[in-house]
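Have a look at the structure below before the remarks.
Just so it is clear, none of the values below were taken in a lab; they were calculated from the coordinates. All values reported here derive from a predicted model rather than from experimental measurement. Heads up, the Cβs are rebuilt from the backbone with ideal geometry, glycines too, and the neighbour counts pull from every protein chain shown.
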Amino acid sequence: MADLSVTAANVSKVTGNTATVTAGATLTAGMPVYKDTADANEHKAGDNDVAASAEIEGVTLNGASDGQPVEIQTDGTIAIGATVTIGETYVLSSTSGKIAPVGDLASDDYVTHIGVGVTTARIELNIKAFGVQVP
């Protein structure tokens with residue numbers, strides 16, 4: 001399988017909570033992001049290669065450049081701008097800012113649950129960084 005191919009213009013909140021944070025890099029809609037405590041708590045694209053960047057807080061709903069505000073969705077249902085499989089579990093990818101099916105986890109990846117496909121275009125977010133590495 002492969003990372004979701006997200007069309008940023010099609011990402012939107014369906015239900016759930018959001019927060020406005022500060023981008024620490026160029027971000028586009030549909031990217032899972034984490035708070036970089038070593039860089040003024042700015043938010044950057046997450047990946048599952050390092051424990052700190054696997055601690056994602058939400059998925060971006062708009063694009064932003066470094067230092068600009070960006071809205072993230074933290075729970076609820078998101079129209080992710082990609083085709084998803086109903087019932088599939090989605091996790092943080094090892095590719096920065098990407099979402100992948102759980103079957104793509106590999107050795108040494110940190111497991112961060114993002115959610116489950118509830119329609120062919122929506123994911124029910126249930127973000128949880130477990131801090132556990134795949135052996």
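Some notes on this structure:
- Across the chain, the mean sequence separation of Cα contacts (distance under 8 Å, 6 or more residues apart), normalised by length, yields a relative contact order of 28 percent.
- Beta bridge orientation in the range 8-133: antiparallel %, DSSP, nearest 5: 95
- Set of aspartates and glutamates with alpha-carbon distance to residue 35 below 20 Å, sequence-local pairs under 8 removed: 47, 49, 55, 57, 66, 71, 75, 109
- Over all other residues within a Cβ to Cβ distance under 12 Å of residue 24, the charged ones net out to -2, with Lys and Arg as +1 and Asp and Glu as -1.
- Under 15 Å from the residue 8 label point (7 Å along Cα→beta-carbon), backbone N, the range 33-53: 33, 44-46
- Magnitude of the charge dipole for the chain, about its Cα centre and with charges confined to Cβ atoms of Lys, Arg (+1) and Asp, Glu (-1), is about 380 debye.
- Inter-label distance, nm, simple model (7 Å from Cα along the C-beta direction), residue 68/residue 38: 2.6
- Lys/Arg +1, Asp/Glu -1 at C-beta; the chain dipole; positive extreme among 132, 31, 12: 12
- Seen from residue 36, the other residues with C-beta closer than 13 Å to its C-beta sum to a net charge of -4, counting Lys and Arg as +1 and Asp and Glu as -1.
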